[in-house]
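Step one of this worksheet: look at the structure below.
The values are calculated or read from the model by the stated rules, or taken from the named source; none is laboratory data. Note that the structure is predicted; figures quoted are calculated from it, not measured. When the accessible area is computed, the model is the full protein with side chains, heavy atoms only, and any ligands, DNA or RNA have been set aside. Shrake-Rupley method; radii C 1.70, N 1.55, O 1.52, S 1.80 Å.
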Amino acid sequence: MFIHRGELPISSPVNPYESPFATQVVDGQQIHDTSNIWRKGKILVMRIEAQLPDRCVKSNQPTDRRLRRNLQWHHPAIALTILLGLLVYIILALILTKKATIHIGLSDEWFAKRRQAILIGWVTALGSIALGVIGIMMVDQVPACGWLILVGLITFFVGIIYGAVCAKMVSPSRIDNEYVWLKGVCPEYLAELPDWPHAY
């Protein structure tokens, strides 16, 4: 079986990332326990060690393909410490950032959309570099070409941001020592989960 980088096939007999508390094998089939996964409004809440169901988080279609996501999160208020200096912010962010590694199900369609977003981002960024180089080379002969440098710079950041945002699929709204709160999961997927039983 060909495995795309960052993916994990559910059908593999040995899954090094799978939590023994999240999966049981019944009659040769893996049954995923969703008792450690909940919904809170538009947010999916899961225990860090929980295994998500074999469904695409973007379309709720059955899938045997997974994408590994290394998540990081720190409280947004930490960003205010940048007013005290960049070094202070970096130190606090490194100390207080919470991390979690999860594996989300994605259908073939959404894997294709993710690859397309990455491709568009890279092509746009590389094209903007070429545009900027042309502007630098031509500015002495055609002063108006100076605008190409600015356009190239703006386009570069647009491409990088587009690729990063559109290829992300899900993002954390909070992480603590036990749980991960995920944004970006489709409503149909969330509808099949029990409500989050806690107030926080």
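The figures follow:
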{"item": "Unsatisfied cross-links (Cα-Cα over 20 Å) in the set 40/113; 58/113; 42/113", "result": "40/113; 42/113"}
{"item": "Portion, in percent, of the accessible area of the stretch 96-200 that falls on carbon or sulfur, probe 1.4 Å", "result": "69"}
